[in-house]
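Beneath this line is the structure, given in structure tokens, with notes to follow.
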Amino acid sequence: MVSFLRLRKPKYVEPAVKYCSVGFESFDDQSPPSTAPRLGNLWLETNKNKNQTKRRQAKEHSGRCLDSCCWLTGYLCTVWWLFLFLYHCLPFTVVHEVPELMPGARLKREGLTALHPVVLVPGIVTGGLELWEGKPCADGLFRKRLWGGGFTRNPKRPLCWLEHLSLHNETGLDPPGIRVRPVPGLFGTDYSAPGYFVWDVLIKNLAKIGYEGKNLHLAAYDWRLSFQNTEIRDHSLSRLKSKIELMYRGNGYKKVVVVPHSMGVTYFLHFLKWVEMPPPMGGGGGPGWCAKHIKAIVNISPAFLGVPKAVSNILSAEGKDDAYIGAMASGVLDSGILGLQALEHITRVSRTWDSLVSLVPKGGEAIWGNMDWSPEEEHVCDLSKKRYSRFSLSNNNVNNSDLKIGFRVKDPVNYGRIISFGKAASVLHSSQLPTVDPKEFLRTTASEFDEMSRESIRKIAADKAYTAKTFFDLLHFVAPKMMKRAEAHFSHGIADNLDDPKYNHYKYWSNPLETKLPDAPDMEIYCSYGVGIPTERSYVYKLSPSSSCKGIPYRIDSSVDGEDDSCLKGGVYFTDGDENVPVLSAGFMCAKGWRGSTQFNPSGIATYVREYRNKPPSSLVERGGIKNGAHLDIMGNIALIEDILRIAAGATGEEIGGDEIHSDILRMSERVSLR
Amino acid sequence: MSSLRRRKPFNESSDSKPQSEKGEEEEHHEEDHDDDDDDDDNGKNKKIPSKIKKKRWEKLPSPPQQPPKWSCLDMCCWFIGCICVTWWLMLFLYNAMPASFPQYVTEAITGPLPDPPGVKLKKEGLVAKHPVVFVPGIVTGGLELWEGRGCAEGLFRNRLWGGTFGEVYKRPLCWVEHMSLDNETGLDPCGIRVRPVSGLVAADYFAPGYFVWAVLIANLARIGYEEKNMYMAAYDWRLSFQNTEVRDRTLSRIKSNIELLVATNGGRKVVAIPHSMGVLYFLHFMKWVEAPTPMGGGGGPNWCSKHIKAVVDIGGPFLGVPKAIAGLFSAEAKDIAVARALAPGFLDNDIFQFQTLQHVMRMSRTWDSTMSMIPRGGDTIWGGLHWSPEDGYSCSKEREKKNDTQITDQADAESVVCKARSANYGRIISFGKDVAEAPSSDIERIDFRGAIKGHTAANTTCRDVWTEYHDMGFAGIKAVAEYKTYTTESIVDLLHFIAPKMMARGTAHFSYGIADNLDDPKYTHYKYWSNPLETTLPNAPDMEIFSMYGVGLQTERAYVYKLSPHAECSIPFKIDTSADDEATCLRDGVYSVDGDETVPVLSAGFMCAKGWRGKTRFNPSGIKTYVREYNHLPPANLLEGRGTLSAAHVDIMGNFALIEDVIRIAAGASGEELGGDQVYSKIFNWSERINLQLDNETPVYSSR
């Protein structure tokens, strides 16, 4: 009955309006007043005199007009009810996905059973948040979902909602009087929003081979906080540690398999360091903890080295169909109350979230390229063609490869310039560009949103390009408080000497380039991610048209387009990836940084790169698609699920086939020169 | 889908109306409109008949092009339009309504509500101190499906128990199949895995709007509690206690989580708050955690004293509840927790027709946990054929008490009734009212234990609704009835006789006796751990045990049974609902006594009032115990819902006085600071009458 009401609600405006307009014209004197409902009657009488002439004209049409309109209403309702009835009568399997496609049942027949306990670590925005203490405007929402659930879809009080989602601007913790906490347990993410499955499919399939509450755990944490703060405020890391120890003991001393997704990957990296560190900064598990408790880490869509998208998010809250802005905007923008200011409100809120900074590209120019060089420079942007060719696969396959060769002649794109102002700045040779003067970034006041002088804004932008190293100045300029807060928690460099005692500080723990993997030679690390989707890599910016948006001085210049098949579209240069994370960020550590015994991987933990080529759903019925490689949808990819199930049931990386590579990740990694 | 079901009767009535009589149509619609004006808000009901009419007219030949100006079609459409618009308008208003509106209305009618205890105590300056662990009771915890048979396709991780019970309506037989456990092992049947929901959501609301823990959680949150210092120890309440560890590692989880809570909250010990059966479960836990592995948790002898500050038992059936007997014996009992929880969605739905009770019985008999509620302590506690600790209790007094008349009158009345007659509460089951009242010398009993169980021949029809009664045959049933009356001790034998399989499982996990010598090594077995009369409390002198429960409600204590006339496909025994007697608290075949509607005072209070008071052999380290009773006051009006002063078994979780006590304890107050004992019933008198050896040194029964 609830869904019934909800579904009908959006309709209420339309027929009501229709009815009124008709009723207005169509009543005539011949209708005995007693037959009309009192409501209409009253209404009629008040308008009687006013509309006498009008009504006389409409006399002939009156019957038919009323008929047709009411008829329509009635008809629609009847059909609606009929469909609803049929829907409920249908057996479940007809309406929902066909279970045979799912690997769980098949692998069970093969004889796989639950062996290693599984820990799932959700990423940014996929975890639910609920309210524990709020301002008066949030009365009655105690322990209701603020994120991931009904409220997100249709917030009645958008401003109140945003207020509760933001953190304290200085501490990065709770603002006074507000406590918003992660939803614990398996309820944290799996049903986060209707139709927005994240872990649901994976959990279903794990359950098929015998997983249940005692050997499956979802490590919920507040994804808005910096990683160390989740421990300080909620003891999330301690909980995770205790949970893993419990599952290890409770399941016959079998090590756990950890499956982090997206930002959860760096969160778990942080955990690996934290757990072996001595208290108070660490968890005091001792140096052998990881070797003893963890069998494998299956990183799904890992953002090890950050995502360029994070930069555009912080700068201007833009970013094509971004995961969280998208989710937020659909809630706020649709409500339409905030209108044009919505984007600024969102920026204001999201800039209080420290975790965003953890996603800013790490490793500087050595990884992401400088003005004239980038590891992806030979990438061919035939992605649009590929996408097109999907509709007629067999025909275009041959042509496609021809096209590829044809385009290879084109100028390479300067991916290294992550932000460039104006298209010219993005293509010109670096010697022709003005250099950045650090003095320009000095700001008199440190307030977040006002008083950036128009002058300095313009100066900074003037025909300049910024690389993965220099854009930090830009971020500091635009969001000084956020960066100041966040730099106490995250670091984005590359370590020269990992034995330096300063690397014992927690701010380095989530950066794979500034921390060592634990001493656990039997552990395995997988990098599993989708490829074959254009992914944002660098941006062409312009000044904001007006001073109305105080916090957002720059916008992506969406008018800039390359030629038909260039990588530039709508002001954004694309590269290969899973729509959010470029291949480089997802695969580099497993493909090169940790391969063998390196500085970052002293004990020689085995790493595997598992790529999944994106194939969009062939029909609408396949919700999300079973071979999808997109950032979130990959959680429903059957090949990935099968891999995870096999690993959980005891298979090693060699047994599931070692590396599986579709992209140029190995060549790209080669070009990155890193000790 | 309720709309569809409701459609049927309307359909019939509208079909019977003449379709072509135009003259009548006018009147007919007038009626409709009048109805409509009377109760506009009931728009949903109205919409349906109109829709049916609409459908019928669709089939008729289309109306002529120039119809009379106000044809019936107009009327009908007008009607639909009107209803829909009203409906949508109301919906819109409802959605636009501020959330505090219902509360505002309530306040306008009843005057300002008192501050919830959380707000009040926050003003006093209380803040969260000790972490809190909730242990839910039977039936209040949610269960979800992890693996099912074909008929449960698509219900993966849907709630089978708790929540909306939405699916129960659709596939009741499938549901019964999945809720049942294996009859031999008491664990999962093949191919079915139903697991407890974890987290606070497991038991905050039993059904939408029917709170269990939610009010307490909300109030604790006011003084600063949140997920990191609250923990819901959800377990599968269908299993026997030890099996929750064997199958789900639940006890290990609780141990690990309590250790974590203590470690992450600056070494502050936890306050455990078990409710109902959770009380016994936690008792089991306290023994388990200190017992050595593999049977126990290996926490060592001081685990409890290191980790637990206080145990706040709410409505605890320490010594069992008589209701459980009726539930196991015949699946009835006036609103027994198990059977009645099913009732709203289940008993009333007639898909099972008359076999509902058998289905319920078959299902609930596979649940080992129901056997943990069978009264313990035998005749020593619950009374024999002609005495019981509650002798002299009378219900008429009860009624006067409610009226708050003068106390002196009350005392007089009481003594009069006392002399006249009093119920023989010791006879928990009697066949026939005369037997229940007769002096014990007059009852001729034929021992049923040796009776041969015959097989009934013509019984194939009800094979699908198997209950163990069919194995008994007529001879066995007769033998049971011939024994006439049963006290607590013989009840256990009776259950062995009528349900051998169930009790075989049950006795492996639970025990119902009183220990003679607690040092006997046999008491290290887990089956004794949940019986307070056969186990010692942990060595934790700083711990405190509170027993909080409601009083002032009629609670089932003993039953009058009769043989069911048609023993073919139904349960052969029935409560004799015709048996009534004002003077002896007999109503509808049930003798009632003071309690919280489910647990009699004796069961809830005895251990804290006497069994554990001071240093006894059950409480060797002298843990302090407190009895806190809450007198029942029904809600003043409907708007208050289940009331803030209620003392009923589950509703007490919303009792403001109780919540305040719990919060104070969680914030660090000791039992003395709370005010010590708070007693309204005669629990101390009744406890005195029970002749139980409490002293370890002298084997002579203490003669206090």
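The values are calculated or read from the model by the stated rules, or taken from the named source; none is laboratory data. In this text the structure is predicted, and so the values were computed from the model without any measurement. FYI the Cβ positions are ideal-geometry reconstructions off the backbone, even for glycines, and counts take in every protein chain you see.
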Item checked: Residue under evaluation B:ALA604, criteria (1) within 30 Å of B:GLY298 (Cβ to Cβ); (2) among the small types (Gly, Ala, Ser); (3) assigned to a helix (DSSP H, G or I), criterion not met -> (1)
Notebook entry, point to check: For B:TRP237, all conditions in the list (1) surrounded by fewer than 23 Cβ atoms within 10 Å (Cβ to Cβ); (2) closer than 29 Å to B:GLU184 by Cβ hold save one; what is the number of the exception?
Noted result: (1)
Margin query: Quick check on region B:124-145. Is at least one of its residues surrounded by fewer than 17 Cβ atoms within 10 Å (Cβ to Cβ) and within 11 Å of chain A (Cβ to nearest Cβ)?
Written below: no
Check: Has region A:540-560 got any residue that is modelled with pLDDT of 75 or more, in contact with a Pro (Cβ under 6 Å, 6 or more places away or on another chain), aromatic (Phe, Trp, Tyr) and closer than 29 Å to A:HIS345 by Cβ?
Finding: no
Checklist line | Breaking point among (1) within 24 Å of the chain's Cα centre (by Cα); (2) modelled with pLDDT of 90 or more, for A:ILE294 | finding: (1)
Item checked: Hey, B:VAL119 in a helix (DSSP H, G or I), modelled with pLDDT of 75 or more and over 22 Å from A:VAL79 (Cα atoms) or not -> yes
Checklist line | Selection from region B:192-225 of residues that are part of a loop (DSSP other than H, G, I, E, B), at the interface with chain A (Cβ under 10 Å from one of its Cβ atoms), in contact with a strand residue (DSSP E or B) (Cβ under 9 Å, 6 or more places away or on another chain) and in contact (Cβ under 8 Å) with a residue 40 or more places away in the chain | finding: B:VAL197, B:GLY224, B:TYR225
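Every residue, every condition in (1) of a type in the set (Phe, Trp, Tyr); (2) at pLDDT 90 or above; (3) assigned to a loop (DSSP other than H, G, I, E, B); (4) more than 24 Å from B:LEU518 (Cβ to Cβ), yes or no:
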| site | (1), (2), (3), (4) |
| --- | --- |
| B:ARG664 | no, yes, no, yes |
| B:GLU673 | no, no, no, yes |
| B:LEU692 | no, no, yes, no |
| B:THR698 | no, no, yes, no |
| B:SER702 | no, no, yes, no |
Next item on the list: Evaluate region A:138-153: report whether one residue or more is out of contact with any helix residue (DSSP H, G or I) (no Cβ under 7 Å at 6 or more places or on another chain), crowded, with 18+ Cβ neighbours inside 10 Å, hydrophobic (A, V, I, L, M, F, W, C) and at pLDDT 80 or above.
Entry: no
Next item on the list: Considering every residue within region B:629-636, establish whether at least one is modelled with pLDDT of 90 or more and either in contact with a helix residue (DSSP H, G or I) (Cβ under 7 Å, 6 or more places away or on another chain) or in a loop (DSSP other than H, G, I, E, B) (or both).
Entry: yes
Notebook entry, point to check: Does A:SER242 fit the bill of being facing chain B (nearest Cβ under 9 Å), modelled with pLDDT of 90 or more and over 27 Å from the mean Cα position of the chain (by Cα)?
Noted result: yes
Next item on the list: Pick out the one residue from A:TRP161, A:TRP223 that is away from chain B (no Cβ under 12 Å) and either closer than 22 Å to B:GLY199 by Cα or modelled with pLDDT under 75 (or both).
Entry: A:TRP223
Next item on the list: Select from region B:226-251 the residues that are among the acidic types (Asp, Glu) and more than 9 Å from chain A (Cβ to nearest Cβ) and write down the one among them that is farthest from B:TRP161 (Cα to Cα).
Entry: B:GLU245
Next item on the list: Note down all Cβ pairs under 8 Å where the first residue falls in region A:100-128 and is assigned to a helix (DSSP H, G or I), the second is surrounded by fewer than 19 Cβ atoms within 10 Å (Cβ to Cβ) and at pLDDT below 75, and they're at least six residues apart or on different chains.
Entry: A:ALA105/A:PRO99
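Okay, residues lined up against (1) part of a helix (DSSP H, G or I); (2) modelled with pLDDT of 75 or more; (3) in contact with a His (Cβ under 6 Å, 6 or more places away or on another chain):
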site: B:PHE318; (1), (2), (3): no, yes, no
site: B:ALA326; (1), (2), (3): yes, yes, no
site: B:ARG340; (1), (2), (3): yes, no, no
site: B:SER369; (1), (2), (3): yes, yes, no
Next item on the list: Working carefully through the options B:VAL270, B:VAL246, find the one that is crowded, with 23+ Cβ neighbours inside 10 Å and hydrophobic (A, V, I, L, M, F, W, C).
Entry: B:VAL270
Margin query: When you check A:PHE472 against the structure, is it part of a helix (DSSP H, G or I), under 28 Å from A:GLU376 (Cα atoms) and modelled with pLDDT under 85, yes or no?
Written below: yes
Notebook entry, point to check: Hey, does region A:529-537 have a residue that's part of a loop (DSSP other than H, G, I, E, B) and either over 22 Å from A:ILE297 (Cα atoms) or modelled with pLDDT of 90 or more (or both)?
Noted result: yes
